[in-house]
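Q: Just passing along the structure, written as structure tokens.
The values are calculated or read from the model by the stated rules, or taken from the named source; none is laboratory data. Quantities reported herein were computed from a predicted structural model and do not represent experimental measurements. When we count neighbours, we look across all protein chains shown, and the Cβ atoms used for this are built from the backbone with ideal geometry, even at glycine. For accessibility, only protein heavy atoms count, side chains too; no ligands or nucleic acids. Shrake-Rupley method; radii C 1.70, N 1.55, O 1.52, S 1.80 Å.
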Amino acid sequence: MTSIAFTGDITFSKYMKDAWQKENLLDEKIIHFLHTADHVVANVECTLSNTPTTSGGLKHSSDPRAGAFIRDKVGSKIWTLANNHILDCKAPGLLDTLQAAKDHGCQTIG
């Protein structure tokens, strides 16, 4: 039997900027749970882009280097991008996010 774990929204924008660099951001029990699954699907609730976000409303964008946290700490090599913030940096932000996934050896869905 194959096990699949799904995460909730992951974003490191505005109020969580650079939080992905904190050593103890995730509790060890959560990390253990995720790492025992055969596959982890992370809901990347933002662009991974240095492209400025569009004006107005709540916009999510994270440093592309946060992809290493998603891959290594969360244990996800599968990222779902099907969410309401993936176009917060328009097409350039989406393209940057797809490139970040590729650079980190991850696949995208959605």
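Q: Among residues belonging to the range 90-110 that are open to solvent by 60 Å² or more (accessible area, probe 1.4 Å) and among the polar types (S, T, N, Q), point out the one that is farthest from Ala37 (Cα to Cα).
A: Only one residue tops the list, namely Gln99.
Q: If you check Thr53 against the conditions, is it crowded, with 17+ Cβ neighbours inside 10 Å and farther than 20 Å from Lys17 by Cβ? Write out each step before concluding.
A: Working: crowded, with 17+ Cβ neighbours inside 10 Å: yes; farther than 20 Å from Lys17 by Cβ: no.
In short, no.
Q: Same structure, new question: Could you tell me whether Leu87 is out of contact with any strand residue (DSSP E or B) (no Cβ under 9 Å at 6 or more places or on another chain) and surrounded by fewer than 17 Cβ atoms within 10 Å (Cβ to Cβ)? Walk me through it before giving the result.
A: Details: out of contact with any strand residue (DSSP E or B) (no Cβ under 9 Å at 6 or more places or on another chain): no; surrounded by fewer than 17 Cβ atoms within 10 Å (Cβ to Cβ): yes.
Considered against the rule, which asks whether it is out of contact with any strand residue (DSSP E or B) (no Cβ under 9 Å at 6 or more places or on another chain) and surrounded by fewer than 17 Cβ atoms within 10 Å (Cβ to Cβ), Leu87 comes out as no.
Q: Tell me, which residue of the range 56-77 that is of a type in the set (Gly, Ala, Ser) and farther than 14 Å from Ala100 by Cα is surrounded by the most Cβ atoms within 10 Å (Cβ to Cβ)? Write out each step before concluding.
A: Taking the range 56-77 and keeping what is of a type in the set (Gly, Ala, Ser), we get 56-57, 61-62, 66-68, 75-76.
Pick out the ones that are also farther than 14 Å from Ala100 by Cα and you get 56-57, 75.
Values: Gly56: 6, Gly57: 8, Gly75: 19.
In this case the residue turns out to be Gly75.
Q: In addition: Mind listing whichever residues of the range 3-35 are of a type outside the set (Asp, Glu), open to solvent by 80 Å² or more (accessible area, probe 1.4 Å) and either under 18 Å from Trp79 (Cα atoms) or part of a helix (DSSP H, G or I) (or both)? Talk me through it step by step, then tell me what you get.
A: Within the range 3-35, the first condition is being of a type outside the set (Asp, Glu), and the residues that meet it are 3-8, 10-17, 19-22, 24-26, 29-35.
Retained after the next criterion (residues that are open to solvent by 80 Å² or more (accessible area, probe 1.4 Å)): 4, 6, 14-17, 21-22, 24, 29-30, 32-33, 35.
Ile4, Phe6, Lys14, Tyr15, Met16, Gln21, Lys29, Ile30, His32, Phe33, His35 - these are the residues of the range 3-35 that are of a type outside the set (Asp, Glu), open to solvent by 80 Å² or more (accessible area, probe 1.4 Å) and either under 18 Å from Trp79 (Cα atoms) or part of a helix (DSSP H, G or I) (or both).
Q: Now for a separate question. Name the residues in the range 62-99 that are touching a Lys or Arg at 6+ places or on another chain (Cβ under 9 Å), outside any helix (DSSP H, G or I) and either touching a residue at least 60 places away in the same chain (Cβ under 8 Å) or of a type outside the set (A, V, I, L, M, F, W, C) (or both), would you?
A: Those that are touching a Lys or Arg at 6+ places or on another chain (Cβ under 9 Å), outside any helix (DSSP H, G or I) and either touching a residue at least 60 places away in the same chain (Cβ under 8 Å) or of a type outside the set (A, V, I, L, M, F, W, C) (or both): Ser62, Asp63, Lys77, His85, Asp88.
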